[in-house]
Amino acid sequence: MNIIIVGCGKIGTTILSSLLAEGHDIVAVDSDPAVISEISNIYDSMYVCGSGTDCDTLKEAGVEKAELFVAATGSDELNMLSCFIAGKMGARHTIARIRNPEYNDQSLNFLRQHLGLAMSFNPDLIAALELYHILKLPSAVKIEYFSRRNFEMVELIVREDSPFCGVALSELRKKYEAKFLICAVQRGDRVYIPDGSFRLQSGDHIELTAAPNEIQKFLRMVGILQKQARSVMILGASRMGYYLARMLLNSGSHVKIIDRDRQRCQEISEKLPGAVVICGDGAQQELLLEEGLKSMDAFVSLTGMDEENILISFYASSQGVPKVIAKVNRDELRGIADRLGLESIISSRTVSSNVLSRYARALQNSLGSNVETLYKLMDGKAEALEFRVQEDFPMTGIPLREMRFKSGILIAGILRGRRALIPAGDDVIQSGDRVIVLAAGHRIHDLSDILQ
């Protein structure tokens, strides 16, 4: 598919990398020659140096043939204008990155309609929503939602004292009455789609699927259900910090925000009168302790420096804070965070690439199904996808045990109306179902791609 990406900053280059890996033909546009020179040495793509609002630049990039046009510069207004011009020049689908909190839902709906945007995305808001969900279920390292939150996929880590350790999956299913499925396991650098004889080990990362109430029931049974975080300390009054604090305050949580920028503290205290805002250097351990770090249910580090987020989060964890989350965008630092024992990591770049990858695949759908949701799991080594089954899907009504799936493929769930099914061999896929597919080592564009 022909795609143009305008803006090659942190978000833009992550989207570029993700869509190149999907096999798309991409032209990247940026007004800074130094940026173009740098990324052209890393990514095998076409590049045009110029403004995303300049017609000659867009024409040189081939906008009239673009099936997808993404504007991801640091300016919301430039992104919207660039998409508007691109649409008028022939781009079929346009997507703008819009981050400013002043653009509320009503404003965005108006802008999307009158600018002809296929969609807009806000990396900070998407990441904040992911953080909020984790703080509601702190036992999880990560939570993914499917089918309007009627089905969940939760990532957990098997500890040495865990009741999972050394146990075969078939034994777990017999021992606990909850309806769940452990559909993927990451052990070191390898990802497994396990069968019933697979035995879990300490340090394994597991993906567990079930309906939300069944996950709560299962975690309670095994004794690892943590209470929802009600007192949260946020380091960094960034846009992401603002969005997260607003969500937490609306749910009745107590929020304390620390930032060294006095003007930013003043702004956020006016916007969020329910939050306690402290102007100070969060890297100072004395300040964190004075502000009650040890009494917090959760600590979230969202400064603009990955290294600072990792180190301060490690300190918070050492002080016994039950749930610690750090924002880490750079892939090369995520391994360091993991080795330091930081389990929950958030990346606005990753959530943005997930959104764009999902949309790009949806445009390519062909036979009997549509990508509804897409998540990259386990350091990108596996994917979870939700498909809506159409009437012409060729395998409806056939028991799963009679289907021949590619290796590394598992049907992790079937959603039929409001019912969430953990599939067994006798279950069938019906028209109108939503099917959750777990894929390791494959890029699935259509539900029919899972079959041999």
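Considering only residues in the range 299-337 that are of a type in the set (D, E, K, R), surrounded by fewer than 16 Cβ atoms within 10 Å (Cβ to Cβ) and in a helix (DSSP H, G or I), the one that is modelled with the highest pLDDT turns out to be E307.
Looking only at residues in the range 369-399 that are open to solvent by 50 Å² or more (accessible area, probe 1.4 Å) and in contact (Cβ under 8 Å) with a residue 40 or more places away in the chain, which one is nearest to I126 (Cα to Cα)? Per the criteria, the residue is E372. Out of R173, R190, R149, I need the residue that is among the charged types (D, E, K, R) and touching a strand residue (DSSP E or B) at 6+ places or on another chain (Cβ under 9 Å). Which one? From the options R173, R190, R149, the qualifying one is R173. One residue stands out among those in the range 117-159 that are over 22 Å from R434 (Cβ atoms) and open to solvent by 50 Å² or more (accessible area, probe 1.4 Å): the one that is farthest from the chain's Cα centre (by Cα), which is R159.
Being over 17 Å from V351 (Cβ atoms), touching a Phe, Trp or Tyr at 6+ places or on another chain (Cβ under 7 Å) and among the hydroxyl-bearing types (S, T, Y) is a condition met by no residue of the range 97-120. Please indicate, with yes or no, whether at least one residue in the range 212-234 is under 25 Å from R339 (Cβ atoms), open to solvent by less than 30 Å² (accessible area, probe 1.4 Å) and not in a strand (DSSP E or B). Yes, some residue in the range 212-234 is under 25 Å from R339 (Cβ atoms), open to solvent by less than 30 Å² (accessible area, probe 1.4 Å) and not in a strand (DSSP E or B).
Here F121, F84 are screened, and the one residue that is at pLDDT 95 or above and among the aromatic types (F, W, Y) is F84.
If you go through the range 24-35 and keep only what is out of contact with any Gly (no Cβ under 7 Å at 6 or more places or on another chain), open to solvent by less than 60 Å² (accessible area, probe 1.4 Å) and within 18 Å of F69 (Cβ to Cβ), you end up with H24, I26, A28. Within the range 338-368, restricting attention to residues that are in contact with a Ser or Thr (Cβ under 7 Å, 6 or more places away or on another chain), part of a loop (DSSP other than H, G, I, E, B) and touching a residue at least 60 places away in the same chain (Cβ under 8 Å), the residue that is surrounded by the most Cβ atoms within 10 Å (Cβ to Cβ) is G368. Of all the residues in the range 424-452, those that are under 22 Å from I215 (Cβ atoms), part of a loop (DSSP other than H, G, I, E, B) and open to solvent by less than 30 Å² (accessible area, probe 1.4 Å) number 1. One residue stands out in the range 361-388 among those that are under 19 Å from A440 (Cα atoms) and of a type in the set (A, V, I, L, M, F, W, C): the one that is modelled with the lowest pLDDT, namely V371.
Scanning the range 123-134 finds one or more residues that are closer than 30 Å to R416 by Cα and free of Cβ contacts under 8 Å to residues at least 60 places away in the same chain.
The values are calculated or read from the model by the stated rules, or taken from the named source; none is laboratory data. Not measured: the values here are computed from a predicted model. Backbone-built Cβ (ideal geometry, glycine too); neighbour counts: all protein chains shown. For accessibility, only protein heavy atoms count, side chains too; no ligands or nucleic acids. Shrake-Rupley method; radii C 1.70, N 1.55, O 1.52, S 1.80 Å.
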